[in-house]
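The values are calculated or read from the model by the stated rules, or taken from the named source; none is laboratory data. Just so you know, these numbers come straight off a predicted model, no measurement behind them. Glycine gets a Cβ as well: all are built from the backbone with ideal geometry, and neighbour counts include every protein chain shown.
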Ligand code: PHE
Ligand code: CA
Ligand code: ZN
Ligand code: ZN
Ligand code: ZN
C-alpha cells in the first residue's frame, strides 16, 4: 500500500475548516456547510475517475457514495466516514479527520490505477450525529445487496490531539489486519469501549456485515498507563474539543492522523486484493 502524504490530508482539513467558517461555523446536517462539504469531496472524486452518487433521504439528508470502477461487485469492500459535524463547531477531528483520510486513500487508489479483485466503494455519511441516520438509511436501501458487502471499514476521529490508538474488535480478521500494521510501526493498540455501537459501523454490523476500523479517542480520559505507551497526557481527554467550538484545524495530532491514514491504505489494499 502507498504511504499517504499527511500534508494532503491536512490541506483537506483546512478546506473543511474554511467551508465551516463561510457557512456559520459548522458543517452540520441540514446546514449549508454540510452541502458544501459534500460538493468539495465529490469534486475531487469525480476528477479522479470515481463514479459518485448523492443519496438523498428524508429531512434533507445527503450521503455521498463513490465507486471505483472494476472488481467483483458481489464482494464489495466499503470504507466510510461521517461527514457531518455537530452544530457547535467545524468538526475537524470529528469527523473531518476520517473524511479526509478516506478521501486521500480513495485518491491514492485512483493514482495507483488499482485493479483490485474485489469492488471498492467509499462513502461519506450524513446525520451520524443525529443517531447514525445516514448510514442506517443506506443500509436499509441495500436490501438483498447487503450480502454483497464483504467488509465495511469505519473511520470516525483519527486525529485526536491526545491520541490513543484503538482498533475495533468487532471482527478478529479485520482487527488483525490493523494490528499487524500498527505492530510494524511499533505502536501498541487497544480496543475501546468508547467505540461500541457509537458510529456508522453499527448500522452495518446490525445488518450482519463484517466491520472494522480505527479510532484515536473522543471525550474519555487517558490513563497513566496509556499516556506512557502513547506518549500522551494522563488525566486529559483524548480530544478535549470533542463536540466543541474548538474542534478546528488546531485540534489535530498530525502524527496520529498520518499513522491512521496510512493504516486505512494498508487495510484497503489488503482487503480488496
Ligand atoms: N460517533 C461519535 C461521534 O461522532 C464518536 C465516536 C467515534 C464514537 C468513533 C465511537 C467511535 O461523536
Ligand atoms: Ca503517511
Ligand atoms: Zn460526534
Ligand atoms: Zn464522529
Ligand atoms: Zn431514512
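Odds and ends about this structure:
- All positions within the stretch 245-273 that are within 15 Å of ligand 4 (Cβ to nearest atom) and either more than 23 Å from residue 102 (Cα to Cα) or in contact with a strand residue (DSSP E or B) (Cβ under 7 Å, 6 or more places away or on another chain) (or both): 260
- Criterion: near ligand 4 (Cβ under 10 Å from one of its atoms) and within 9 Å of the chain's Cα centre (by Cα) - qualifying residue of 85, 81: 81
- Across the stretch 147-163, the qualifying residues are those that are part of a loop (DSSP other than H, G, I, E, B) and under 12 Å from residue 101 (Cα atoms), and the one among them that is farthest from ligand 4 (Cβ to nearest atom) is 159.
- Scanning the stretch 210-222 for residues that are in a strand (DSSP E or B) and within 16 Å of residue 97 (Cα to Cα) gives 213, 214, 215.
- Enumeration of residues in the stretch 210-227 that are more than 17 Å from the chain's Cα centre (by Cα) and either touching a residue at least 24 places away in the same chain (Cβ under 8 Å) or within 16 Å of ligand 5 (Cβ to nearest atom) (or both): 219, 220, 222, 226
- First in the stretch 49-65 and free of Cβ contacts under 8 Å to residues at least 40 places away in the same chain, second anywhere and in a strand (DSSP E or B), Cβ under 6 Å, 6 or more apart: 51/67; 52/66; 53/65; 54/62; 54/64; 56/62
- Residue 171 in contact with a strand residue (DSSP E or B) (Cβ under 8 Å, 6 or more places away or on another chain), surrounded by fewer than 23 Cβ atoms within 10 Å (Cβ to Cβ) and within 14 Å of residue 202 (Cβ to Cβ): yes
- Candidate set from the stretch 124-137 (those that are part of a helix (DSSP H, G or I) and buried (at least 22 other Cβ atoms within 10 Å of the Cβ)); member that is nearest to ligand 4 (Cβ to nearest atom): 128
- Which listed residue is outside any loop (DSSP other than H, G, I, E, B) and either under 21 Å from residue 173 (Cβ atoms) or more than 16 Å from ligand 2 (Cβ to nearest atom) (or both), from 225, 245: 225
- Residue 112 fulfils the conditions (1) surrounded by fewer than 23 Cβ atoms within 10 Å (Cβ to Cβ); (2) in contact (Cβ under 8 Å) with a residue 24 or more places away in the chain; (3) on the phi > 0 side of the Ramachandran plot except for a single criterion, (3).
- Just one of the numbered conditions (1) within 16 Å of ligand 5 (Cβ to nearest atom); (2) over 18 Å from the mean Cα position of the chain (by Cα); (3) modelled with pLDDT of 95 or more is not true of residue 22: (1).
- Condition check for residue 192: within 16 Å of ligand 5 (Cβ to nearest atom) and either within 22 Å of residue 79 (Cα to Cα) or assigned to a loop (DSSP other than H, G, I, E, B) (or both): no
- Verdict on residue 161 being farther than 26 Å from residue 206 by Cα and within 16 Å of ligand 1 (Cβ to nearest atom): yes
- Every residue from the stretch 228-239 that is surrounded by 21 or more Cβ atoms within 10 Å (Cβ to Cβ) and not in a loop (DSSP other than H, G, I, E, B): 230
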